[in-house]
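Colleague: After the structure tokens below, expect a handful of questions from me.
Coordinate-derived values only; no laboratory data. Since the model is a prediction, treat every value here as computed from it, not as a measurement. As a convention, Cβ positions derive from the backbone with ideal geometry for all residues, glycine included, and neighbour counts pool all protein chains shown.
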Amino acid sequence: MKFSERLNLIQPYLFAELDRIKSEKEAQGADIISLGIGDPGFPTAPFVVEAMKKAVEKPENHQYPPYEGTSEFRSAMADFYKRRFGVTLNPKDEVLALIGSKEGIAHICMAVLDPGDVLLYPDPGYPVYKIGAAFSGAEGFPMPLLKENKFLPDFTKVPENVARRAKMMFLNYPNNPTSASADLDFYREAIRFAKKYEILIASDNAYSEIFFDENNRPPSILSVEGAKDVAVEFFSLSKPYNMTGWRIASLLGDAKAVNALGTFKKNIDSGTFTAVQEAGAVALREGDGFIAEMRKVYKKRRDKMCEGLKSMGINIEPPSCTFYLWAPTPGGLSSMEFTKTLLDKTGVMVTPGSGFGQYGEGYFRISLTLPDHRIDEAVERMKKASLVVK
Ligand SMILES: *Cc1c(COP(=O)(O)O)cnc(C)c1O
């Protein structure tokens with residue numbers, strides 16, 4: 001039996017050797033601290049769990065949910081966007097419930113792209129953008145995120161013939177993996193570029209609530225005037241409320257694009273469990289205080305870890321958002337060489353930047369999602385290892 005050619009488009013797994021070294025060390029009794037995991041290590045917000053307990057008891061929640069999501073969830077989403085970003089959305093046709101943004105990101109490619117089309121995506125970046133293009137037969141064109149451009153794409157570097165064939169562009173700020181943020185001026189520029197070439201912008205807003213400067217909160221691209229003509233945004237409940245396992249997110253903005261994804265999805269899935277949507281609505285309405293507490297925890301960890309890096313001769317500015325640190329490898333080591341050396345000397349495992357795309361080479365990513373005592377332990381080991389690479 002021969003399976004779909006599509007499966008051959010998936011890149012070989014880059015970290016097999018790292019996993020082998022890790023298993024080998026663990027077999028020898030080493031205590032490996034893995035700072036590679038992008039999944040909040042905390043349980044879901046307790047008030048959301050309570051809401052779920054009630055919601056799951058209700059027989060009316062046991063049927064197939066409405067395709068576009070419950071009106072309660074979509075209204076809660078629209079109200080959240082109004083309160084947080086000053087964005088007005090019509091819950092009827094500008095909000096669609098998703099089974100997590102990952103699902104939506106993969107499927108919007110199917111709903112928008114045809115063979116011959118180009119998808120612009122950030123590199124380094126969340127791997128699903130690129131695979132979404134490949135699975136829909138489109139051509140992916142990486143937009144490099146470089147330090148000298150504050151990890152923002154430079155639209156003037158997209159060749160004219162590529163821009164003309166481009167049908168969609170992913171943006172992701174606050175950014176995974178670089179932890180960079182974007183301001184409204186950048187979004188205005190992106191929208192000008194998108195309007196000129198008739199490109200749909202798909203903004204992945206998974207980290208908007210993980211920020212550390214109350215006076216400079218990450219904006220939504222939808223708050224730019226005219227954004228809803230060319231842009232949609234993914235908002236996920238996974239990271240702010242520690243709900244990664246629940247699978248709930250939404251697509252917001254341009255009604256035509258929201259409808260296109262809705263039409264596609266209607267034919268292949270039946271939506272997120274109604275009880276999860278009910279609990280999700282509660283998270284959106286009552287969760288501001290909870291997220292504020294989470295931010296404090298991540299901020300402390302961020303500062304500790306920056307100190308740990310400093311002791312290895314790696315000086316980075318503490319990022320203003322996300323629970324990631326993105327740092328250059330010291331001594332001109334490749335991402336993989338550094339990761340192996342660090343793992344070998346300290347038992348601390350990070351993610352090589354090259355795993356996020358070619359422009360991630362020369363960097364590594366640290367997640368701040370492990371419990372405080374593990375972060376402390378990792379920092380202690382870094383300090384003791386005197387791994388200063390000249
Ligand atoms: C975690 C993450 C997501 C996935 O979110 P889900 O809603 O849980 O699918 C999407 N984009 C980025 C950049 C992420 O880091």
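Colleague: Got a sec to turn the phi values of the range 74-85 into Karplus ³J(HN,Hα) couplings, 6.51 cos²θ - 1.76 cosθ + 1.60 with θ = phi - 60°, whole Hz, x for Gly and Pro?
Modeller: Result, rounded to whole Hz: 5, 5, 4, 5, 4, 5, 4, 5, 5, 5, 7, 10.
Colleague: Quick one: angle between helix 184-197 and the longest Cα principal axis of the chain, in degrees between 0 and 90, rounded to 10, please.
Modeller: 60
Colleague: Still on this model: Apply the Karplus parameterisation 6.51 cos²θ - 1.76 cosθ + 1.60, with θ equal to phi minus 60°, to every residue of the range 221-226 and state each ³J(HN,Hα) to the nearest whole Hz, in sequence, with x for glycine and proline.
Modeller: 4, 5, 7, 7, 4, x
Colleague: Under 5 Å between amide H atoms, partner at least 5 residues away or on a different chain: which partners does S34 have, H built in plane at 1.01 Å?
Modeller: M349
Colleague: Within the set K228/K310; K147/K239; K54/K82; K150/K196, which residue pairs have Cα atoms separated by over 32 Å?
Modeller: Numbers: K228/K310 43 Å; K147/K239 25 Å; K54/K82 27 Å; K150/K196 24 Å.
Long pairs (Cα-Cα over 32 Å): K228/K310.
Colleague: Now for a different question. If you average 1/r across every pair of different Cα atoms in the range 139-258 and take the reciprocal, what Kirkwood value do you get, in Å?
Modeller: 15.0
Colleague: Then there's this: Compute the helix-to-body angle for 255-266: its Cα long axis versus the longest principal axis of the chain, expressed 0 to 90° and rounded to tens.
Modeller: It is inclined by approximately 80 degrees.
Colleague: Find how many whole Å separate the alpha carbon centroid of the range 1-80 from the alpha carbon centroid of the range 238-257.
Modeller: 12
Colleague: While we're looking at this one, here's another question. Evaluate the charge dipole of the range 250-316 about its Cα centre and quote only its size in Debye, nearest 20, assuming +1 on the Cβ of each Lys and Arg and -1 on the Cβ of each Asp and Glu. Write out the running numbers ahead of the final one.
Modeller: On the way: 12 positive and 8 negative charges, 71 e Å.
Dipole size: approximately 340 debye.
Colleague: Let me ask you something else. Treat every Asp and Glu Cβ in the chain as -1 and every Lys and Arg Cβ as +1, leave all other atoms uncharged, and give the resulting dipole magnitude about the Cα centre to the nearest 20 debye.
Modeller: Here the chain has a charge dipole of around 360 debye.
Colleague: On a full-extension model of 0.36 nm per residue, what is the gain between L146 and V49, subtracting their alpha-carbon distance, rounded to one decimal in nm?
Modeller: Gain on extension, L146 to V49, equals 30.9 nm.
Colleague: Tell me, I248, I268, I375, I131 in order of fewest to most beta-carbon neighbours within 10 Å?
Modeller: Ranked by crowding around the Cβ, least crowded first: I268, I131, I375, I248.
Colleague: Output the Cα-based Rg and Dmax of the range 17-84 in Å, rounding Rg to one decimal and Dmax to a whole number.
Modeller: Radius of gyration, then largest Cα-Cα span, for the range 17-84: 20.8, 54 Å.
Colleague: Q358: net charge of surrounding residues, Cβ under 13 Å, Lys/Arg +1, Asp/Glu -1, itself excluded?
Modeller: -1
Colleague: Which longest uninterrupted range of the chain lacks any chymotrypsin sites (Phe, Trp or Tyr not before Pro) assigned by DSSP to a loop state (not H, G, I, E or B) and surrounded by at most 11 other Cβ atoms within 10 Å?
Modeller: Numbers: sites that count: F3, Y13.
With a cap of 11 other Cβ atoms within 10 Å, the longest stretch comes to 14-390.
Colleague: Would you mind listing how long the range 46-189 runs along its three principal axes, going by Cα atoms, in whole Å with the largest first?
Modeller: Here the spans come out as 55, 33, 26 Å, largest first.
Colleague: Also, I was wondering about something else. Which residues does a label at K157 reach in the range 350-377, if reach means a backbone N under 20 Å from a point 7 Å past the Cα toward the Cβ?
Modeller: In the range 350-377, the label zone of K157 (backbone N under 20 Å from the point 7 Å along Cα→Cβ) covers 353-365.
Colleague: Taking 0.36 nm per residue of separation and subtracting the Cα-Cα distance, what length does fully extending K58 through I37 add?
Modeller: That works out to 4.1 nm of additional length.
Colleague: In the chain, if the dipole is taken from +1 on Lys/Arg beta carbons and -1 on Asp/Glu beta carbons about the Cα centre, which of A206, A194, T88 is farthest to the positive end?
Modeller: A206
Colleague: Across 5 Å bins from the origin, how do the percents of Cα pairs in the range 262-390 run, short distances first?
Modeller: 2, 10, 16, 18, 14, 9, 9, 9, 7, 5, 2, 0
Colleague: Rounded to two decimals, what is Rg over Rh for the range 82-126 when you use alpha-carbon atoms and the Kirkwood radius?
Modeller: On the way: Rg = 14.1 Å, Rh = 13.3 Å.
Reported Rg/Rh (Cα atoms, Kirkwood Rh): 1.06.
Colleague: Related question: Using only the Cα atoms, work out Rg/Rh for the range 324-390, with Rh taken as the Kirkwood radius, to two decimals. Working shown, then result.
Modeller: Working: Rg = 11.7 Å, Rh = 12.1 Å.
Answer for the range 324-390: 0.96.
Colleague: Order by neighbour count: T329, T88, fewest other Cβ atoms within 10 Å first, most last. Could the numbers behind the result be given before it?
Modeller: Values: T329 23, T88 12.
Fewest-to-most ranking of T329, T88: T88, T329.
Colleague: Further question: Between 0 and 90 degrees, rounded to the nearest ten: what's the tilt of helix 46-57 against the longest Cα principal axis of the chain?
Modeller: For helix 46-57, the angle is close to 40 degrees.
Colleague: Still on this structure, please answer the following. Send over the semi-axes of the range 1-124's equivalent ellipsoid, whole angstrom and largest first, taken as the square roots of 5 times the C-alpha gyration tensor eigenvalues.
Modeller: Rounded to whole Å, the semi-axes are 36, 26, 18.
Colleague: Would you mind ranking C306, C321 so that the residue whose beta carbon has the fewest other beta carbons within 10 Å leads the list?
Modeller: C306, C321
Colleague: Report, in deg cm²/dmol and to the nearest 500, the calculated mean residue ellipticity at 222 nm for the chain, where each DSSP H run with n ≥ 4 adds -39500 (n - 2.57) and the sum is divided by the residue count.
Modeller: After summing the helix terms and dividing by the residues of the chain, the value is -12500 deg cm²/dmol.
Colleague: Over the C-alpha atoms of the range 59-287, what are the Rg and the largest Cα-to-Cα span, Dmax, in Å?
Modeller: Calculated on Cα positions, Rg and Dmax stand at 16.7, 56 Å.
Colleague: Can you compute the radius of gyration and Dmax for the chain, using only the Cα atoms, both in Å?
Modeller: Rg, Dmax (Cα atoms, Å): 21.1, 64.
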